[in-house]
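Remarks on the structure that follows.
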């Protein structure tokens with residue numbers, strides 16, 4: 001079972017939720033929920049531009065390898081400047097300009113179409129390293145893996161795809177995917193294939209606005225979704241955004257699965273690098289119930305109804 | 001001589017479009033005969049690489065120069081490689097003004113892209 005955590009807006013608490021879920025999966029002494037997973041949970045930090053889940057789960061990396069994109073290289077001696085490569089490139093990463101063929105590596109997705117379609121076989125490919133994948137266990141018993149995109153690299157998707165290749169479809173394990181913020185390609189690449197999508201939002205204009213975008217992504221990808229309302233606060237100038245989020249969720253048939261109050265104590269704990277369930281043990285059972293409900297929905301296909 | 005002016009609509013009386021890659025239309029015009037043709041920019045809907053797509057299109061039209069308000073680094077490199085001169089509108093707001101200023105030499109050729117800031121490598 002793959003549970004992805006996304007939000008739209010950044011800083012709403014994706015990693016807080018994701019790391020707490022992961023710790024609940026290995027909580028002792030009582031096994032959390034009726035999960036018949038036989039192997040340890042896998043945590044994937046897909047926010048490769050700014051991974052931070054390691055600060056909370058503290059893995060010891062024992063595997064690391066480089067990831068690259070295959071960039072076309074044009075042999076000008078063979079190229080007849082027919083323009084086929086430029087026509088077939090979906091990303092406009094190659095242009096044929098008179099007697100010159102120009103490659104724009106920062107736009108290339110490494111799909112190989114130009115190489116395949118070149119009638120002169122004038123294109124070869126060279127691997128350009130864009131980042132690394134790292135993997136290792138955490139002291140709590142979670143298998144942790146993350147991608148780290150090299151600074152200045154614009155293309156996160158190839159790294160995320162290869163990170164997700166570490167999910168063993170045969171393994172009977174729970175996978176927690178901590179997605180990057182936003183709703184663009186890296187998010188789609190991260191949450192694709194998930195069995196359930198947890199959308200973390202906050203009662204602010206931006207949190208609400210981006211939640212609506214994130215819900216569209218969930219619908220487009222046909223992933224069942226539920227909402228976590230973080231920094232839940234009633235008596236504040238922004239209190240009305242609680243109502244906006246709640247009304248929107250009701251209209252959309254989206255269950256609000258969890259409300260986390262806006263408390264200084266929580267902010268302070270996170271700032272010390274602690275996971276929510278570590279300094280607020282009361283949340284362990286809350287997250288276990290959340291996991292149980294998600295598991296039931298994924299296993300039975302019956303949507304969670306409570307708001 | 002054929003030049004391209006980026007415009008907001010497909011007409012010789014159009015206002016200029018200050019963007020290159022995301023310009024609405026390309027007006028291909030001969031400044032001497034004023035013979036013209038307007039073509040929608042195929043790059044305008046591109047999710048990425050709009051400037052390169054637009055530059056490729058301009059290059060395929062076999063023109064001598066492009067006048068726009070801004071050329072991104074990729075578009076600049078592509079047009080430069082294609083040997084197409086780039087000019088900046090300056091104070092011109094319409095195609096007519098642009099053509100007059102171009103003919104009287106009041107429009108300066110561009111020698112560097114507008115912004116290298118987003119260039120990654």
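When you look at residue B:106, is it in a loop (DSSP other than H, G, I, E, B) and over 22 Å from residue A:89 (Cβ atoms), yes or no? Yes; evaluated as a whole, the condition is true for this residue.
From the list A:69, A:96, the lone residue that is within 14 Å of chain B (Cβ to nearest Cβ), under 32 Å from the mean Cα position of the chain (by Cα), farther than 30 Å from residue A:40 by Cα and part of a strand (DSSP E or B) is A:69. Evaluation of residue A:134 against the conditions (1) part of a strand (DSSP E or B); (2) within 14 Å of another protein chain (Cβ to nearest Cβ); (3) farther than 30 Å from residue B:81 by Cβ shows that the sole unmet condition is (2). Inside the range B:35-58, can you point out the residues that are within 17 Å of residue B:8 (Cβ to Cβ) and either at the interface with chain A (Cβ under 8 Å from one of its Cβ atoms) or touching a residue at least 40 places away in the same chain (Cβ under 8 Å) (or both)? The answer is B:43, B:50. Among what's in the range B:72-82 and is touching a strand residue (DSSP E or B) at 6+ places or on another chain (Cβ under 6 Å) and not in a loop (DSSP other than H, G, I, E, B), pick the residue that is farthest from the other protein chains (Cβ to nearest Cβ). Only one residue tops the list, namely B:79.
Yes or no, residue by residue, for (1) outside any strand (DSSP E or B); (2) at pLDDT below 95:
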{"position": "A:29", "(1), (2)": "yes, yes"}
{"position": "A:49", "(1), (2)": "yes, no"}
{"position": "A:65", "(1), (2)": "no, yes"}
{"position": "A:78", "(1), (2)": "yes, no"}
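Test residue B:69 against the criterion of being at negative phi and more than 14 Å from chain A (Cβ to nearest Cβ), and give yes or no. In short, yes. Here residue B:32 meets the list (1) surrounded by fewer than 23 Cβ atoms within 10 Å (Cβ to Cβ); (2) part of a helix (DSSP H, G or I); (3) away from every other protein chain (no Cβ under 14 Å) almost entirely, failing just condition (2). Annotation note: of B:104, B:85, the sole residue that is under 15 Å from residue A:98 (Cβ atoms) and away from chain A (no Cβ under 13 Å) is B:85.
The values are calculated or read from the model by the stated rules, or taken from the named source; none is laboratory data. Please read these numbers as outputs of a predicted model, since none were measured by experiment. Note that each Cβ is placed from the backbone with ideal geometry, even for glycine, and that neighbours are counted across all protein chains shown.
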